[in-house]
Ligand SMILES: [Zn+2]
């Protein structure tokens, strides 16, 4: 879906409608924000716990053909709006909506 780069929106800081820059916020996972924390992927790799063997778990993959399964092909939008007046940022009131692809015009 295509979205405009700027948009008139209500700013809760200025308490009036101003032009806002639309930015796409990206949600970072725990492994990105804390790369060397306990149980993180990088730390496991560091200790050599990642890669060979499956630590006494299943040796065969589950039969998936009989089950209904599927990943979602779209992601929820995470827009941030930057006010042109006070340069403060605020998010969407609702949690966003599902789209496959985001494009800014
Ligand atoms: Zn503002």
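The values are calculated or read from the model by the stated rules, or taken from the named source; none is laboratory data. In this text the structure is predicted, and so the values were computed from the model without any measurement. Using ideal geometry, Cβ is built from the backbone for each residue, glycine included, and neighbour counts are taken over all protein chains shown.
Numerical summary
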| read-out | value |
| --- | --- |
| Count of residues meeting criterion [without any contact (Cβ under 8 Å) to a residue 24 or more places away in the chain and part of a loop (DSSP other than H, G, I, E, B)] in the range 74-98 | 7 |
| Flag for residue 56 being assigned to a loop (DSSP other than H, G, I, E, B), more than 16 Å from the ligand (Cβ to nearest atom) and either at pLDDT 80 or above or under 28 Å from residue 1 (Cα atoms) (or both) | no |
| Hey, residue 96 within 16 Å of the ligand (Cβ to nearest atom), modelled with pLDDT of 70 or more and under 17 Å from the mean Cα position of the chain (by Cα) or not | no |
| Any hit, the range 14-37, residues being modelled with pLDDT of 80 or more, in a loop (DSSP other than H, G, I, E, B), within 16 Å of the ligand (Cβ to nearest atom) and surrounded by 11 or more Cβ atoms within 10 Å (Cβ to Cβ) | yes |
